[in-house]
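This report refers to the structure that appears directly beneath it.
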Amino acid sequence: MTPITRRQLIATGLTATAGAAGLAAAAHFARRYGLIPPDHGGLYGPGETLTYAAQRLLASHAPAREFPRSMISKAPFANEVAPPSDAFKRHQATGFSDWRLIVDGMVANPASLSLSDLRSLPFRSQITEVACEEGWSYIAEWIGTPLSEVLSAVGVLPHARYIVYRSIQTDWWDSLDMADALHPYTYLTWGMNDGDLPVGFGGPLRMRVPRQLGYKSIKYITNLTATDNIKAFGKGLGSASPEGGYAWYAGI
Ligand SMILES: Nc1nc2c(c(=O)[nH]1)N[C@H]1C(S)=C(S)[C@@H](COP(=O)(O)O)O[C@H]1N2
Ligand SMILES: [Mo]
């Protein structure tokens with residue numbers, strides 16, 4: 001007898017809601033259309049696969065929840081003041097004029113973009129919530145360059161499947177699948193509430209992913225890498241979060 005594989009287990013979990021007739025079809029589609037998240041082998045594997053697959057099938061294009069201007073938090077909570085590193089302090093002292101966003105991997109034109117390069121691309125704003133997994137949240141207006149604009153400026157290749165993003169705080173890195181990377185609410189944010197993005201909130205440059213929990217909105221972004229092989233990054237789980245028991249996919 002062959003022991004049941006983890007993948008079969010996930011496929012079984014995925015199909016549990018599908019009804020007897022749809023079981024085989026749902027397992028087939030989960031594999032065929034990449035509905036298995038990179039951290040599926042973790043503790044939350046089967047449950048996360050279900051959430052991720054359901055979200056990708058039903059709501060890939062759904063907007064983030066937006067709020068009226070009157071609901072912008074008067075005293076938003078930054079859970080950190082600034083990276084204490086000397087490298088960051090040097091950037092801060094020069095007004096971030098040397099800050100660069102390096103874009104590489106599966107792109108036609110790898111680039112090193114200054115903040116003014118980024119600001120010269122089309123930008124947008126949204127009033128959305130940062131929701132921490134610990135239960136607190138706040139609402140702010142975020143002004144930034146949609147990640148999709150940066151990706152089209154560098155010519156992201158059609159076979160890229162994930163965008164990996166990294167911070168000057170090297171233990172903070174994460175990735176998005178292309179549905180979230182190209183989603184119009186996913187920004188490289190450089191403004192907040194009509195001013196520059198304060199350092200406490202991730203300035204000069206922060207990824208905002210309002211359709212997922214706060215921990216995906218990584219601050220102090222320095223690198224983007226387009227890839228079709230997420231296993232090649234870190235421990236292969238798509239981000240550092242699953243190593244600490246948090247899901248790679250944190251949809252809200
Ligand atoms: N570089 C970096 N990004 C980060 C964090 C961090 O500590 N360092 N914390 C994350 C978590 S857990 C949350 S909930 C939000 C908090 O955003 P805030 O500091 O604007 O409140 O930022 C996320 N991005
Ligand atoms: Mo958080």
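What number of residues within region 125-144 are of a type in the set (Ser, Thr, Tyr), in contact with a Pro (Cβ under 7 Å, 6 or more places away or on another chain) and closer than 16 Å to Leu188 by Cβ?
Within region 125-144, the first condition is being of a type in the set (Ser, Thr, Tyr), and the residues that meet it are 125, 128, 137-138.
Next, only the ones that are in contact with a Pro (Cβ under 7 Å, 6 or more places away or on another chain) stay: 128, 138.
Restricting the remaining residues to those that are closer than 16 Å to Leu188 by Cβ gives 128.
Of the residues in that region, 1 qualify.
Of all the residues in region 78-123, those that are part of a loop (DSSP other than H, G, I, E, B) and of a type outside the set (Ser, Thr, Tyr) number 19.
Residues in region 128-173 that are modelled with pLDDT under 95 and on the phi > 0 side of the Ramachandran plot: Gly135 only. Restricting attention to region 103-123, which residues are under 18 Å from Tyr187 (Cβ atoms) and surrounded by 14 or more Cβ atoms within 10 Å (Cβ to Cβ)? Result: Val103, Ala111, Leu113, Ser114, Leu115, Asp117, Leu118, Arg119, Leu121, Phe123. Arg166 passes every criterion in (1) closer than 30 Å to Ala93 by Cβ; (2) surrounded by 18 or more Cβ atoms within 10 Å (Cβ to Cβ); (3) away from ligand 1 (no atom under 11 Å from the Cβ); (4) of a type outside the set (S, T, N, Q) apart from (3).
Within region 51-77, restricting attention to residues that are assigned to a loop (DSSP other than H, G, I, E, B) and closer than 30 Å to Ile36 by Cβ, which residue is farthest from ligand 2 (Cβ to nearest atom)?
Taking region 51-77 as the starting set, the residues that turn out to be assigned to a loop (DSSP other than H, G, I, E, B) are 60-68, 72-77.
Checking the rest, the ones that are also closer than 30 Å to Ile36 by Cβ come to 60-65.
Details: Ser60: 24, His61: 26, Ala62: 22, Pro63: 22, Ala64: 17, Arg65: 18 Å.
Out of the qualifying residues, it is His61.
Filter region 112-152 down to the residues that are more than 16 Å from ligand 2 (Cβ to nearest atom) and acidic (Asp, Glu), then identify the one that is nearest to Tyr162 (Cα to Cα). Can you show your working first?
Taking region 112-152 first, the residues more than 16 Å from ligand 2 (Cβ to nearest atom) are 112-127, 141-152.
Of the ones still in play, those that are also acidic (Asp, Glu) are 117, 141, 149.
Numbers: Asp117: 23, Glu141: 27, Glu149: 16 Å.
Among those residues, the one meeting the criterion is Glu149.
Candidates are the residues of region 139-172 that are hydroxyl-bearing (Ser, Thr, Tyr) and not in a helix (DSSP H, G or I); the one that is farthest from Pro76 (Cα to Cα) is Tyr162. Taking the numbered list (1) buried (at least 17 other Cβ atoms within 10 Å of the Cβ); (2) touching a residue at least 40 places away in the same chain (Cβ under 8 Å); (3) within 20 Å of Ala250 (Cβ to Cβ) in turn, Met178 passes all entries but (2).
The values are calculated or read from the model by the stated rules, or taken from the named source; none is laboratory data. Predicted model only: the values in this text are computed from it and were never measured. Using ideal geometry, Cβ is built from the backbone for each residue, glycine included, and neighbour counts are taken over all protein chains shown.
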